[in-house]
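Visitor: One structure, pasted below without further comment.
Taken together, the values in this text are just the output of simple stated rules run on the coordinates, not laboratory data. Because the structure is a prediction, the values reported are computed rather than measured. With ideal geometry, Cβ positions are generated from the backbone for all residues, glycine too; neighbour counts draw on all protein chains shown.
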Amino acid sequence: MSALSVIEQRLLKWDKLASLVPKPKKPPFPIDRLNELLKVCANSSYLRTGESIHAHLIVTNQSSTAKDVYQTTSLINLYVKCRETVRARKVFDLMPERNVVSWCAMMKGYQNSGFDFEVLKLFKSMVFSGESRPNEFVATVVFKSCSSSGRIEEGKQFHGCFLKSGLMSHEFVRNTLVYMYSLCSGNGEAIRVLDDLPYCDLSVFSSALSGYLECGAFKEGAEVLRRMAKEDLVWDNITYLSCLRLCSNLRDLNLARQIHSRMVRFGFNSEVEACGAIINMYGKCGKVLYAQRVFDNTHAQNIVLNTTIMDAYFQDKSFEEALNLFSKMDTKEVPPNEYTFAISLNSIAELSLLKHGDLLHGLVLKSGYRNHVMVGNALVNMYAKSGSIEDARKAFSGMTFRDIVSWNTMICGFSHHGLGREALEAFDRMMIAGEIPNRITFIGVLQACSHVGFVEQGLYYFNQLMKKFDVQPDLQHYTCIVGLLSKAGMFKDAEDFMRTAPIEWDVVAWRALLNACYVRRNFRLGKKVAEYAIYKYPNDSGVYVLLSNIHAKSREWEGVAEVRSLMNKRGVKKEPGVSWIGIRNQTHVFLAEENQHPEITLIYAKIKEVLSKIRPLGYSPDVAGVFHDVDEEQREDNLSYHSEKLAVAYGLMKTPENSPLYVTKNVRICDDCHSAIKLISKISKRYIVIRDSNRFHHFRDGQCSCCDYW
DNA sequence: TACAATCAGA
């Protein structure tokens, strides 16, 4: 045998031998590594990978047996984090044995999907089953669920229960407890809890503050801030941001400046978020110029800062300035987003610039923001306030998503346009859509009823539906009812209502009543009411003007003169009337006694011409009678100076025949102009829309949509 | 565990 074959034979033998030796099994993937993997999958929402691990565990028979509670809990955690609550629950239910972490993971799952009730149910069954005792993690989850579902009574019971088991000493438990009380219990209970604590750290103050901020209890928030400031604590930037938010909401400039200076002292004013918050705060406190200064000193530029400063101008009612900022924005560097569009559209709405609104609408479509609720709402608002309720309706029905604001905007839009029926229909459709009405919804419908004289419906909404939806009527609602009753001529009821309503009336309510006296020609009551209102609110020019109008309508010229001299004596100035009209992207503004406009002579001539045409139709220029002390010729001249007539005349001159005119006026339209414009709409065959300070008038063919009932 | 920005109204 050759040497070679000997080796071959040996090799062969070994080979056989090797085949007899059992192959070593691949070692199982170490369990702790699997759990780590599951954790990674959970935290990154890798559902597919997590599922494969789950499958692997089932196949290799490493799962679902009693042994590994820890591992199954990781699976629950995986499904919970991937928002697969039902599957998590299946795994949970199959566990023969659970520990407190399993319970807690499942509870968190429900919490994250918004099923707070399930959280509490699970907690109770955990306690009853006696399987495990709650720990501090469970306690925080429970308190948080009570907070977000408003279950304060149950929360109090749990508080007692955790107190007994000694869990309240944990920092996080305390924080969530305080948060719960501040968010859900209006009567300063959180502050009492704070006072009972032996020692408060920053986080517990912070929790109380954010709860109060969130539920809008700013007074209590300020109280917390006061206590916090007394302690010797180092604030972090979350604290500062909360404080800034508090100031914004309280509109407390004094506090605002203190916080700002503290931020400067401790160097917290350099980050872009902080700057944004400061700008916003000054804007909300009515100090645009401060806001502008902070903005100018902020070197970082982004869309939020730009939008915030725009909003500051919007809050200041400087709508033109807000729009200027928009057009000055370098849209390449800082492209506008939904907030920017919303503020711009709202500015346009306040100015009634229909043409600009259309333009911006186009921009919205191009930039792909059309499906944002915020933008949709702003579009509806813009069209409604710019006079085109039809376009508002279109924008509304084109919305993919709607919220309560969308519905309210539409309802209030209908109301402003005197479309009571449509407003109530929108309300019904809103109920069908499952939206819950709030106080503003009811202001909208009550106002709608008031505009068209639906007394019964109005009272039904006020007395029945508001209760049903648990909306507490406030001054604004009560004032709507005063308007509703008195404008319908039911002065006795209005009087009784005002006498018995459990509310402190303000000048607006009295003006509403007074206005109704004027419209309904109840001059006797009107004078009485005006006397009282002037006594009570000696600086409110509105009541003087109304009284003067009443005197004029009842042709008591000396009364008119008296009011005028009283106003002079007290230095009360009436708001000058301003009207404007948009023509080819240009806005033309007219003042009551306008003489600035370059084409003013032509405008006067146009007015003369138009008035001479409508006089044969029954127009007589002394309806308002305000200018009783001048001769006929002069009187017509004076009336023709009214800003809305100037605007309409200019519109007639500058726009093609048949095109509609949209005019906006800052104060209530006067009687004389109202009747003149009715006739102008007839002879010119124009559709004329006038927005005055409280509603829209649509003039067409000699009629006005308000039916002379405004 | 995240908090710099719209909004409807007598």
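Visitor: Could you work out how much longer the chain between A:Gln596 and A:Asn666 gets when fully extended? Use 0.36 nm per residue separation minus the Cα distance between them, nm to one decimal.
Guide: That works out to 23.4 nm of additional length.
Visitor: Given H placed on each backbone N at 1.01 Å, which residues far from A:Leu661 in sequence or on other chains put an amide H within less than 5 Å of it?
Guide: Amide H neighbours of A:Leu661, under 5 Å, 5+ apart: A:Tyr687, A:Ile688, A:Val689.
Visitor: Taking Cα centroids, how far is region A:120-189 from region A:34-59 in Å?
Guide: Region A:120-189 and region A:34-59 have Cα centres spaced 31 Å from each other.
Visitor: Along the charge dipole of region A:340-425, Cβ charges K/R +1 and D/E -1, which of A:Ser415, A:Gly368, A:Ser352 sits furthest on the positive end?
Guide: A:Gly368
Visitor: Based on the Cβ-Cβ distance of A:Val69 and A:Ser203, what FRET efficiency does E = 1/(1 + (r/R0)^6) give at R0 = 30 Å, to the nearest 0.05?
Guide: 0.40
Visitor: Any chance you could check the Cα centroid distance between region A:68-94 and region A:647-710 for me, in angstrom?
Guide: Distance between centres, Cα-based: 67 Å.
Visitor: Suppose every Lys and Arg Cβ carries +1 and every Asp and Glu Cβ carries -1, with no other charges. What dipole size does chain A come out with about its Cα centre, to the nearest 20 debye?
Guide: In debye, rounded to 20, chain A gives about 1500.
Visitor: Now, a different point. Under the rule a/c < 1.5 gives rounded, and otherwise a/b versus b/c splits prolate from oblate, where does chain A land using the Cα gyration tensor?
Guide: Note, shape of chain A comes out prolate.
Visitor: Taking 31 Å as the cut-off for C-alpha to C-alpha distance, list the pairs among A:Lys492/A:Lys536; A:Lys492/A:Lys685; A:Lys284/A:Lys569; A:Lys284/A:Lys492; A:Lys487/A:Lys665 that go past it.
Guide: Violating the 31 Å Cα-Cα cut-off are A:Lys492/A:Lys685; A:Lys284/A:Lys569; A:Lys284/A:Lys492.
Visitor: While we're here: Which residues' amide hydrogens lie under 5 Å from the amide hydrogen of A:Val578, considering only partners 5 or more residues apart or on another chain, with H built in the peptide plane?
Guide: Amide H neighbours of A:Val578: A:Asn666, A:Val667.
Visitor: Return the whole-Å distance between the Cα centroid of region A:190-261 and the Cα centroid of region A:515-565.
Guide: Rounded to whole Å, the Cα centres lie 48 Å apart.
Visitor: For a test of the definition: using alpha carbon positions, the gyration tensor, and the 1.5 limit on a/c, classify region A:376-490 as rounded, prolate or oblate.
Guide: oblate
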